Amino acid sequence: MSEAIKVQSLKKSFGPIHAVRGVSFDVNHGEVLGFLGPNGAGKSTTMKMITGFLEPTAGTVIVNGHDVLENPLAVKKSIGYLPEGAPAYGEMTVKSFLNFIADIRQLTGSGRQKRIDEVVDRINIRNVYEQSIETLSKGYKRRVGIAQAILHDPDTLILDEPTDGLDPNQKHEVRNLIKEMAQDKAIIISTHILEEVDAVCSRAIIIATGELLFDGTPTELIAKSDRNDIDHAFRLVTSGKSDANKEPTS
Amino acid sequence: MSTLFSIYKREFTSYFVTPVAYVFIVIFLFMTGIFTFYLGAFYESNQADLEPFFRFHPWLYLFLIPAISMRLWSDERKSGTIELLMTLPVSITDAVVGKFLAAWTFTAVALLLTFPMWLTVNYLGDPDNTVILASYIGSLIMAGGFLAIGSCISAFTKSQVIAFVISVVISFMFILSGFPMVLDLFQGWAPQAIVDAIASFSFLTHFTSIKKGVIDIRDIIYFGALIAFWLYVNVVIIEAKKAS
């Protein structure tokens, strides 16, 4: 397992607000890292810094040996990224959008169309292939975003809430896809669905108010709760350990 | 295929999948017609040239070009696609120049579709067609100047309305910078050299010779430098505040 992402004492402030305060972690190839935390905890901000969209206030991000500040294009080439909310050009059809991504990712020759077809079938968006993206449902939009992220078969995948807005069957499909790809890739996913962590992640990180509160396997996380309940464990970690016994049971 | 060309191609085709392109082109052609025949007194002048047609281009561009350029970056901000674009392996310069060239090509298409005007003047008389060609080229270069201003302004805001209004105001100052309404603002306190420099920025002054069919290298350099300057600022703005 070689190292794909190395994040060291990463900080980000927006004026007086400290969104991320010194977060460090590594992700190896073959790992699926689950990013957990309450809303506004700094998950998306951390992902935006890894992908080179935001510049860190301090700290370093190394992706496959390239520093994201010194060599952003090399980092962007090796990453596939699904931004929060899966933004896409609404007026384009799925077909022209994926072809645009293929252009930018410099997919050429006979492999290009084959790869597009492969991804379209794998993600199950063939039936909306000719439709414009703005007419699609939330679930389809999300899947087009995932298709865009994996099109160039990247070494490193960063997916911000990949299953948000999907129905239970679609969630299941996307989780299977992530597990399949996990063998040789380094994958970070953020999610609010804690069972998802148990189902697909080999490691979990909890961030709250910009600080790293937990880094370990899902089993270790569950073990934090005397009820063997991952939701309970999450609440224990994010609300401070001293309050453990006062935690409401609802 | 270079990433610049990929951006260009996506941007250019996106004009034609929405009604924007068709609405713009129809209005542009309609307005050039009105200006030429009514305000420009094309028939009454009894001259076989297109000076009455080109004379009003700066004023048409003042309102129509910001309508094209306002969406270039504002829309990316508003829809969040700027995050997608800026995390793809594309340099900001490629993105800015690709988008600008796409908008410029679109303007060229609109301008080319005024060819019935050229046919009309050739049917009615015997105009100097090299003069007309030179004027077309000059008009297109001036359109590039308006576009570069508009593209840069749209990088500041996610509101297309704000981008439009500010672009019109700045373009208006560039059109009129040789005239008292702008110069009076500076006359009282600024050194004469600065007042002269501001006066020399006027689009109208630089377009005067162009619309007579004279392509002066100084006018070309002026518009070229203007485009380069605004696109450079555009790159800097995107670089500095792509996420805000």
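The values are calculated or read from the model by the stated rules, or taken from the named source; none is laboratory data. For clarity, every value in this text was computed on a predicted model and none was experimentally measured. Cβ: placed from backbone, ideal geometry, glycine included. Neighbour counts: every protein chain shown. The area values use the complete protein model at the heavy-atom level, side chains included, leaving out ligands, DNA and RNA. Shrake-Rupley method; radii C 1.70, N 1.55, O 1.52, S 1.80 Å.
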Unique match (being open to solvent by less than 50 Å² (accessible area, probe 1.4 Å) and at pLDDT below 80) among B:224, B:178, B:188: B:178
First in the stretch A:91-108 and without any contact (Cβ under 8 Å) to a residue 60 or more places away in the chain and open to solvent by less than 40 Å² (accessible area, probe 1.4 Å), second anywhere and assigned to a loop (DSSP other than H, G, I, E, B) and aromatic (Phe, Trp, Tyr), Cβ under 7 Å, 6 or more apart: A:94/A:129; A:97/A:89
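Residues checked against (1) away from every other protein chain (no Cβ under 14 Å); (2) in contact with a helix residue (DSSP H, G or I) (Cβ under 9 Å, 6 or more places away or on another chain); (3) in contact (Cβ under 8 Å) with a residue 12 or more places away in the chain:
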| residue | (1), (2), (3) |
| --- | --- |
| B:2 | no, yes, yes |
| B:8 | no, yes, yes |
| B:27 | yes, yes, yes |
| B:30 | yes, no, no |
| B:36 | yes, yes, yes |
| B:51 | yes, yes, yes |
| B:55 | yes, yes, yes |
| B:58 | yes, yes, yes |
How about the stretch B:88-117: which of its residues are of a type in the set (Ser, Thr, Tyr) and either within 14 Å of chain A (Cβ to nearest Cβ) or within 25 Å of residue A:51 (Cβ to Cβ) (or both)? B:91, B:93
Just name the residue that is least open to solvent (accessible area, probe 1.4 Å) out of those in the stretch A:70-83 that are more than 8 Å from chain B (Cβ to nearest Cβ) and touching an Asp or Glu at 6+ places or on another chain (Cβ under 7 Å). A:82
If residue B:44 passes every condition in (1) open to solvent by 40 Å² or more (accessible area, probe 1.4 Å); (2) acidic (Asp, Glu); (3) under 28 Å from residue A:102 (Cα atoms) but one, which one does it miss? (3)
Please work out which residue is surrounded by the most Cβ atoms within 10 Å (Cβ to Cβ), limiting yourself to the stretch A:29-55 and to residues that are more than 29 Å from residue A:236 (Cα to Cα) and within 14 Å of chain B (Cβ to nearest Cβ). A:51
Which residues, counting only those in the stretch A:1-18, are touching a residue at least 24 places away in the same chain (Cβ under 8 Å), open to solvent by 30 Å² or more (accessible area, probe 1.4 Å) and not charged (D, E, K, R)? A:1, A:2, A:8, A:9, A:13, A:18
Evaluate the following for residue B:227: is it in contact (Cβ under 8 Å) with a residue 24 or more places away in the chain, over 17 Å from residue B:63 (Cα atoms) and more than 14 Å from chain A (Cβ to nearest Cβ)? yes
Show me the helices (runs of 4 or more DSSP H) found entirely inside the stretch B:111-181 where at least 2 residues are under 22 Å from residue B:35 (Cα atoms) and touching a Phe, Trp or Tyr at 6+ places or on another chain (Cβ under 7 Å). B:129-154, B:160-176
With the requirement that a residue be free of Cβ contacts under 8 Å to residues at least 60 places away in the same chain and surrounded by 14 or more Cβ atoms within 10 Å (Cβ to Cβ), what does the stretch B:230-244 give you? B:232, B:236
Cβ pairs under 8 Å, 6+ apart, first in the stretch B:166-181 and farther than 12 Å from residue B:199 by Cβ and touching a residue at least 40 places away in the same chain (Cβ under 8 Å), second among the hydrophobic types (A, V, I, L, M, F, W, C) and not in a helix (DSSP H, G or I): B:167/B:70
For the stretch B:86-124, which residues satisfy the criterion of being under 23 Å from the mean Cα position of the chain (by Cα), open to solvent by 10 Å² or more (accessible area, probe 1.4 Å) and among the polar types (S, T, N, Q)? B:93, B:105
Residue list for the stretch B:117-170, restricted to those being within 24 Å of residue B:217 (Cβ to Cβ) and in contact with a Lys or Arg (Cβ under 9 Å, 6 or more places away or on another chain): B:131, B:134, B:135, B:138, B:139
Among helices (runs of 4 or more DSSP H) completely within the stretch B:6-108, the ones holding 3 or more residues that are basic (Lys, Arg), at pLDDT 90 or above and farther than 21 Å from residue A:105 by Cα are B:71-79
Please count how many residues of the stretch B:126-165 are of a type in the set (Gly, Ala, Ser), closer than 13 Å to residue B:57 by Cβ and under 13 Å from the mean Cα position of the chain (by Cα). 5
Exactly one condition in (1) in contact with a Lys or Arg (Cβ under 6 Å, 6 or more places away or on another chain); (2) surrounded by fewer than 21 Cβ atoms within 10 Å (Cβ to Cβ); (3) outside any loop (DSSP other than H, G, I, E, B) is not met by residue A:114; state its number. (1)
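So that you can scan it fast, the table gives a plain yes or no per residue for (1) more than 7 Å from chain B (Cβ to nearest Cβ); (2) not small (Gly, Ala, Ser):
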site: A:86; (1), (2): yes, no
site: A:94; (1), (2): yes, yes
site: A:97; (1), (2): yes, yes
site: A:100; (1), (2): no, yes
site: A:107; (1), (2): yes, yes
site: A:111; (1), (2): yes, no
site: A:117; (1), (2): yes, yes
site: A:128; (1), (2): yes, yes
Being touching a helix residue (DSSP H, G or I) at 6+ places or on another chain (Cβ under 6 Å), among the acidic types (Asp, Glu) and open to solvent by less than 20 Å² (accessible area, probe 1.4 Å) is true for just one of B:76, B:83. Which residue is that? B:76
